[in-house]
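Following: one structure in structure tokens, then a few remarks.
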Ligand SMILES: [Zn+2]
């Protein structure tokens, strides 16, 4: 039986259009999904939208629109973004789906039945931006540091989840290396549980007319995070669905650092209470800045990723976001860097290698793959190691090292000189280049799939998989075609 791989992204609030940060997370997940498919695994890649949040309802009110209609309109931008970025997601979940509502209520009932939910009074602060209860200690100058806004004071009768009961189990889990990536993000969570202790969590909101109704009390809705996290199993038709049986537990929940607590602490305790297996790993990425500044509406730098794709294509954006930002760390994006990379690494590096290699095949061998042996080496172990450690920027750098070596091979061997004097060597040199390009089309596929497809079309072959990342598999005599350039140079942005 094939090995399985289940990866999810966080689900996005639909109170505004997507920005470049949303694109970044979905691209990382797509790279991991595609890489695991190449490795021969059965992959399920899930992304979607969190539609039950009070802040969606509030944004709708401000826009003077019916909430459901508002949500239906905005979700289109997120679905469109997935298509534009050429994502290979297997499903797009919306938490207003009937089955999600039903399954959320079932899980709530299960935890209630277990005696892990009780009624009490909540008194304290709530940040609408986070959709979370927040403590005095977390505030910076009286404001939520994520949203730079003062939280609201709330006092209401509510339902509480006995999270405190799971404190020791959580400390055990978080002390295991590998549960949270990068390690230091796991340590942060461990230290917080250790220092503050695990407190019970308020899991309802009173008197709201948006959200999922509590199964046991009609005057309340389920706290939005409690339902949102359940999307990871409702999308698989928990508990009896074929997908659930096959793909749960998740191999990776990919998230931004701001919601680590919800995924590395709250979600596992919910699952422990409901008697469901825990995910294997929480993968935390950093935040993007744009031109060195935090992405924010007031700064006017919320780059629309859909417009960006329309201008440059998906692959250059996918390339730059992975190549330039160390996995797990914060990083900066700018159109200046994007245009520089398009011209240098994509057009001059990869594009040039493809066009000169195919051009010489047309010139010297009437466009047919000559007989030969691949003389250019590639270190697959190193690439694997980077993927295993989720160092995607290094995996991509390793691939580009190979591309650079191929270009250097052309300079060293000078096929245009060989064409005049040494047929046998010319044959080997051109074969080496074409066979390496075949391997490159596989290696770049997770990162820039559209370019990978174009290269295969030029070579007249189908995309290979992991087993094909070895030399001398390209068949002699195949007709190749240089065709159009892969990347057009663009004018540098200032
Ligand atoms: Zn906040």
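At q = 0.21 Å⁻¹, what log₁₀ I(q)/I(0) does a Debye calculation on the Cα points of segment 177-328 give, no solvent, two decimals?
Normalising to I(0) and taking log10 leaves -1.29.
Starting from the Cα gyration tensor of segment 98-149, take the square roots of the eigenvalues, sort them a ≥ b ≥ c, and report rounded, prolate or oblate (rounded when a/c is under 1.5, otherwise prolate if a/b is larger than b/c, else oblate). Before the final figure, lay out each step's value.
Working: a/c = 4.16, a/b = 1.93, b/c = 2.16.
Cα axes put segment 98-149 in the oblate bin.
Just to confirm the number: angle between the C-alpha axis of helix 392-413 and the first principal axis of the chain, 0 to 90 degrees, nearest 10?
So the helix axis and the longest Cα principal axis differ by about 10 degrees.
Just to confirm my numbers, what's the Cα centroid distance between segment 369-400 and segment 134-155 in Å?
Using only Cα atoms, the two centres lie 47 Å from each other.
Ranked highest first by the average count of other Cβ atoms within 10 Å around their residues, in what order do 187-199, 141-153 fall? Walk me through the numbers on the way to the answer.
On the way: 187-199: 15.4, 141-153: 13.8.
Final packing ranking: 187-199, 141-153.
Could you check the simple spin-label distance between residue 389 and residue 476, using points 7 Å along Cα→Cβ, in nm with one decimal?
Spacing of the two 7 Å Cα→Cβ label points: 4.2 nm.
Over the chain, calculate the relative contact order: mean separation of alpha carbon pairs under 8 Å at least 6 apart, over the residue count, as a percent. Show your work: numbers first, answer last.
Values: 812 pairs, mean separation 77.1, N = 494.
Result for the chain is 16 percent.
So how much slack lies between residue 277 and residue 257, counting 0.36 nm per residue of separation and subtracting their Cα-Cα distance, in nm?
Details: separation 20, 0.36 × 20 = 7.20 nm, distance 2.32 nm.
Between residue 277 and residue 257, full extension yields 4.9 nm more.
Run the paramagnetic zone check for residue 332: 7 angstrom along Cα to Cβ, then residues of segment 278-307 with backbone nitrogen under 16 Å.
Once the point is set 7 Å along Cα→Cβ of residue 332, 287-296, 301 turn out to lie under 16 Å by backbone N, inside segment 278-307.
What FRET efficiency, computed as 1/(1 + (r/R0)^6) with R0 = 56 Å and r the Cβ-Cβ distance, is obtained for residue 310 and residue 113, rounded to the nearest 0.05? All intermediate terms of the calculation are to be shown ahead of the outcome.
Numbers: r = 51 Å, r/R0 = 0.91.
It comes to 0.65.
If you project the alpha carbons of segment 335-468 onto the principal axes, what extent comes out on each, in Å, largest first?
Between the extreme Cα coordinates on each principal axis of segment 335-468 lie 46, 36, 26 Å.
At 25 °C and a viscosity of 0.890 mPa s, what translational diffusion coefficient does Stokes-Einstein give for segment 382-442, taking Rh as the Kirkwood radius over Cα pairs? Give it in µm²/s as a whole number.
Working: Rh = 12.9 Å.
The diffusion coefficient I find is 190 µm²/s.
Can you figure out the FRET efficiency of residue 356 with residue 324, using R₀ = 25 Å and their beta-carbon distance, to the nearest 0.05?
Details: r = 26 Å, r/R0 = 1.05.
It comes out at approximately 0.45.
With labels modelled as points extended 7 Å from the Cα through the Cβ direction, what inter-label distance (nm, one decimal) is found for residue 213 paired with residue 135?
With each label placed 7 Å out from Cα toward Cβ, I get 3.6 nm.
Relative to the longest principal Cα axis of the chain, at what angle does helix 183-196 sit, 0 to 90 degrees, rounded to 10?
The angle comes out at about 10 degrees.
Pulled fully out, how much extra length does the chain show between residue 488 and residue 2, if you take 0.36 nm times their separation in residues and subtract their Cα-Cα distance? Spell out each step's value before the answer.
Details: separation 486, 0.36 × 486 = 174.96 nm, distance 3.99 nm.
Stretched out fully, the residue 488 to residue 2 stretch lengthens by 171.0 nm.
Take the Cα pairs of segment 19-128, get the Kirkwood Rh, then feed it into Stokes-Einstein at 37 °C and 0.692 mPa s and tell me D in µm²/s.
Details: Rh = 16.9 Å.
For these conditions, the coefficient is 194 µm²/s.
Return the inverse of the average 1/r over all pairs of distinct C-alpha atoms in segment 220-279, which is the Kirkwood hydrodynamic radius, in Å to one decimal.
Hydrodynamic radius (Kirkwood, Cα only) of segment 220-279 equals 12.2 Å.
Rounded to the nearest 0.05, what FRET efficiency is calculated for residue 287 and residue 58 with R0 set to 30 Å and r the Cβ-Cβ distance? Display every interim value, and only then the final one.
Details: r = 24 Å, r/R0 = 0.79.
Plugging the Cβ-Cβ distance into 1/(1 + (r/R0)^6) gives 0.80.
What is the spread of the Cα atoms of the chain along each of their three principal axes, largest first, in whole Å?
Sorted from largest, the Cα extents of the chain read 89, 50, 40 Å.
Where both partners of a DSSP beta bridge lie in the chain, what percent of those bridges are antiparallel, to the nearest 5? Kindly include the intermediate steps, with their values, before the conclusion.
Working: 24 of 46 bridges.
Here the antiparallel bridges make up roughly 50 percent for the chain.
Applying a 10 Å radius around every beta-carbon, put 41-50, 246-255, 221-230, 74-83 in order of their mean neighbour count, most first. Write down the numbers at each step before the final one.
Numbers: 41-50: 22.7, 246-255: 21.2, 221-230: 24.8, 74-83: 17.5.
Order by mean packing, descending: 221-230, 41-50, 246-255, 74-83.
Rounding to the nearest 10 and keeping the result within 0 to 90°, find how far the Cα-based axis of helix 352-365 lies from the longest principal axis of the chain.
With both axes taken from Cα atoms, the answer is about 30 degrees.
Starting from 0.36 nm per residue, how many nanometres of slack lie between residue 453 and residue 99 once their C-alpha separation is accounted for? Mind dumping the intermediate values first?
Details: separation 354, 0.36 × 354 = 127.44 nm, distance 3.64 nm.
That pair, residue 453 and residue 99, stretches by 123.8 nm at full extension.
The numbers here are math on the coordinates, done by the rules we state, and not lab data. Just so it is clear, the structure is predicted and the values come from calculations on it, not from any experiment. Reconstructed Cβ throughout: ideal geometry from the backbone, glycine too, with neighbour counts over all protein chains shown.
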